[in-house]
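Below you'll find the structure, written out as structure tokens, and then a few comments.
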Amino acid sequence: MRYAWHNDILIPEKDAKLSIYDEALMFGTVVFEMTRTFNKTILKLHEHFERLRMSCQYLEIEIPWKWDYLEYAYEDLIKTNQDEWTNDDEIRGLINVSRGILPMYADAGMGKDGTNIIMSCFPLRHVLKDKSWVYSKGIEVVIPRQQALPEYLLDAKIKSRSRQHYKMADLQAHKINPDAWALLLDNNGYMAEGTGSNFFMVKDGDVFTPKGTNCLRGVSRAFIMELCFMRGINCIEKDITFYDAINADEVFFTNTPFCIVPIRTIDGHELGECVGKMTEYLINTWSKRVSCDFVSQARRWDNDSLD
């Protein structure tokens, strides 16, 4: 049985619940983080919690615990559940933070007001099983009608559950290609982000990614920029057009569970290389940095039972 952490109390995961009167349901104002481990060690734990802190600060969600204590509690939760992990498991972690029950309902006696923090974790192979093909074949990408919301309407730098536009983008993309991933443009027609992934392209040996204005400043995105800096590769934030993207040498997404996902086509346009030399180099560099060949690991999980 797996356990979750809810407001400083360990409870069975199945019992982790929010009230129907919680602001999470009423307004969708939930900030969250999702992490993954390599060799059971969480990558960039502090960076995830720092982004969570900044999201909470922006939305004025009061946190009654110190942030270093929450980091400790999160790591301890994974250790508490260690009997649930196999030797080959990596762990996918989830942290949801809501402001709590709306005051009007709390005042009416429908629950206790106050911030809710729920932390949980589960085997990453449940997410990646049967998907290792993305590393060798690459994915197809569709640009939907739905655009990314400009920061003056809903700031994408806040990692929140207010993501109806993501869902609409996925629905529209899947009508065109059921297997495609969506790639949203911003209101100026530049590449913004995927629905849970950051966008990168490679041209003439340099790596480019959209400016961190109308996209989430992903932890994996920052890690790629760090790896590029350490290896002497130019990694540049710039406005990227559709023309730029389909004429790139290579294109890929980054996100927490997959790390790096090569892109094969955009709106039916076959791209330069898939998997390209730079993409492959960054995959290998990432694997060496975390001492874990995450591609081979995902391939092993394809053949494993989820029981």
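The values are calculated or read from the model by the stated rules, or taken from the named source; none is laboratory data. Everything quoted here is computed from the prediction, not taken from an experiment. Positions of Cβ are generated from backbone atoms using ideal geometry, with glycine treated the same way; all protein chains shown enter the neighbour counts. With ligands, DNA and RNA removed, areas are computed over all heavy atoms of the protein, side chains included. Shrake-Rupley method; radii C 1.70, N 1.55, O 1.52, S 1.80 Å.
Residue 301 meets the conditions (1) free of Cβ contacts under 8 Å to residues at least 60 places away in the same chain; (2) in a helix (DSSP H, G or I); (3) within 27 Å of residue 174 (Cα to Cα) in every case but one. The failed one is (1). Only one of the listed residues (18, 94) is in contact with a strand residue (DSSP E or B) (Cβ under 7 Å, 6 or more places away or on another chain), assigned to a loop (DSSP other than H, G, I, E, B) and on the phi < 0 side of the Ramachandran plot. That residue is 18. Confirm whether residue 277 is surrounded by fewer than 17 Cβ atoms within 10 Å (Cβ to Cβ), modelled with pLDDT of 95 or more, under 21 Å from the mean Cα position of the chain (by Cα) and basic (Lys, Arg). Judged against the criteria, residue 277 is not a match. Beta carbons closer than 9 Å, at least 6 apart along the sequence or on distinct chains, pair a first residue in region 234-249 that is over 17 Å from residue 205 (Cβ atoms) and part of a loop (DSSP other than H, G, I, E, B) with a second that is at pLDDT 95 or above and among the aliphatic types (A, V, I, L, M) for 239/191; 241/191. When each of 90, 75, 71, 62 is tested for being touching a residue at least 24 places away in the same chain (Cβ under 8 Å), farther than 22 Å from residue 156 by Cβ and exposed (fewer than 13 other Cβ atoms within 10 Å of the Cβ), the lone residue that passes is 62.
Just so you know, in region 97-112 the residues that are part of a loop (DSSP other than H, G, I, E, B) and touching a residue at least 40 places away in the same chain (Cβ under 8 Å) include one that is least open to solvent (accessible area, probe 1.4 Å), and it is 100. Beta carbons closer than 6 Å, at least 6 apart along the sequence or on distinct chains, pair a first residue in region 204-228 that is of a type in the set (Lys, Arg) with a second that is open to solvent by 30 Å² or more (accessible area, probe 1.4 Å) for 211/237; 217/157.
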